[in-house]
Amino acid sequence: MIEEVTGASERSIGPDTIAEMRTIMARYPQPRSALLPMLHLVQAEFGYVTPAGIEACAAELGITTAEVAAVATFYTMYKRRPIGDYHVGVCTNTLCAIMGGDAIFAALQEHLGIGNDETTADGLVTLEHIECNAACDYAPVLMVNWEFFDDQTVQSARDLVDRLRAGDPPDPTRGAGPVCTWRETARVLAGFPDGRAHEGPSAGPASLVGLRRARERGDEAPDDGRRTSGQHAQNGGSS
Ligand code: FES
């Protein structure tokens, strides 16, 4: 069982959440395939993966709590202690680090008065250094509840967390704005859309340079015989 670090009183999982877990399970041929979104649903209710949430997942899926805990402790998107309304992830992987990510992370620790994986006393911001988010073309990047804030500086990062703490969450660089809370995000990740999936900017110009150049040159992926005729036609190839 996962240790509850905060000592916060343990709540049992609610009947509505159990019903939604069963809704998720019904989406898969093998119910245990639903474990990942079920864990996000636990985070949507509690803010993190609690012992009660693990026990509920295990009971519904007919597997052991050890099996559930093994998954919940493997993936870094699942948290084992309460997270603030806004999880601020600073990429400190190689490219972001040398482009300013290390300086941003140090500045935010000083500005917020917290260390890595800690939450401000008002319960609003949790700071964590994170690994590459596949947005290196916009380094250095921050993520707020997994939404991208591209091309950041020390000052823009300070301004960002100040707005979060002031109740004025900004729009991410890509995706719907303003950023929603940690629990709201977890609910979307669990498979209950908020209807905003198609709002806001999508991929930016830097990410599309290769695609644009390929189209200009008339490049096509080689047909190695594995693509179906439907995929081929969809991609504009001749059969
Ligand atoms: S190194 Fe930061 S997104 Fe890749």
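No lab work stands behind these numbers, since they all come straight from the coordinates. Everything numeric here is computed off the predicted structure, so don't read it as measured data. Virtual Cβ from ideal backbone geometry, glycine too; neighbours counted across all protein chains shown.
With the charge dipole of the chain set up from +1 on Lys and Arg Cβ and -1 on Asp and Glu Cβ about the Cα centre, the Cα lying farthest toward the positive end among the listed residues Pro193, Asn133, Ile83 is that of Pro193.
Contact order normalised by length for the stretch 86-189, with contacts defined as Cα pairs under 8 Å and 6 or more residues apart; what percent is it?
Values: 179 pairs, mean separation 30.2, N = 104.
The normalised contact order for the stretch 86-189 reaches 29 percent.
Calculate the FRET efficiency for Ala203 and Asp102 from the Cβ-Cβ distance with a Förster distance of 35 Å, rounded to the nearest 0.05. Let's see the in-between values first.
Numbers: r = 26 Å, r/R0 = 0.75.
So, using R0 = 35 Å, E works out to roughly 0.85.
For the chain, what is Rg from Cα atoms divided by 2.2 N^0.38 Å, rounded to two decimals? Walk me through the numbers on the way to the answer.
Numbers: Rg = 20.6 Å, N = 239, 2.2 N^0.38 = 17.6 Å.
Computed over Cα atoms of the chain, the ratio equals 1.17.
Work out, step by step, the length gained on full extension between Ile18 and Glu118: first 0.36 nm times the residue separation, then minus their alpha carbon distance; give nm to one decimal.
Numbers: separation 100, 0.36 × 100 = 36.00 nm, distance 2.97 nm.
Taking Ile18 through Glu118 to full extension adds about 33.0 nm, to one decimal.
In loop segments of the stretch 104-209 as defined by DSSP, the GluC sites (Glu not before Pro) with at most 15 further C-beta atoms inside 10 Å of their C-beta are Glu131, Glu199.
In this structure, the amide hydrogen of Met77, modeled 1.01 Å from its nitrogen in the peptide plane, lies closer than 5 angstrom to no residue at least 5 positions away or on a different chain.
Enumerate by residue number the trypsin sites (Lys or Arg not before Pro) in the stretch 11-40 meeting two conditions: DSSP loop (anything except H, G, I, E, B), and at most 11 other Cβ atoms within 10 Å of the site's Cβ. Spell out each step's value before the answer.
Values: sites: Arg11, Arg22, Arg27, Arg32; in loops: Arg11, Arg27.
When the trypsin sites (Lys or Arg not before Pro) of the stretch 11-40 are filtered for loop state and at most 11 Cβ neighbours within 10 Å, Arg11, Arg27 remain.
Find the centroid of the Cα atoms in the stretch 113-130 and in the stretch 205-223, then give the distance between the two in whole Å. Taking the Cα centre of the stretch 205-223 as reference, the centre of the stretch 113-130 is 41 Å away. Think of each Lys and Arg Cβ as +1 and each Asp and Glu Cβ as -1; about the Cα centre, that makes the dipole of the chain roughly 660 debye. For the stretch 15-72, a crude dipole built from +1 on the beta carbon of Lys and Arg and -1 on the beta carbon of Asp and Glu, taken about the Cα centre, is about 200 debye to the nearest 20.
Sort Cys132, Cys180 so the one with the fewest other Cβ atoms within 10 Å of its own Cβ comes first.
Working: Cys132 14, Cys180 20.
Lowest count first: Cys132, Cys180.
So the label point goes 7 Å from the Cα of Arg183 along Cα→C-beta, right? Which residues of the stretch 100-132 then have their backbone N under 15 Å from it? Inside the label zone: 123-125. Peptides 119-125, 133-139 ranked from most to least packed give 133-139, 119-125, packing being the mean of other C-beta atoms within 10 angstrom over each peptide's residues. Local charge for Phe149 was computed over the other residues whose Cβ lies under 12 Å away, with Lys and Arg +1 and Asp and Glu -1, and equals -3. Peptides 212-220, 72-80, ordered by how many other C-beta atoms sit within 10 Å of their residues on average, highest first, read 72-80, 212-220.
Could you give P(r) for the stretch 86-189, binned at 5 Å from zero, as whole percent values over all Cα-Cα pairs? The distribution over the stretch 86-189 is 3, 14, 27, 27, 20, 8, 1, given as percents. Rg over Rh for the stretch 15-72 works out to 0.91, using Cα positions for both radii and the Kirkwood form for Rh. If the chain linking Arg196 and Asp168 were pulled fully straight, counting 0.36 nm for each residue of separation and taking away their Cα-Cα distance, it would gain 8.2 nm.
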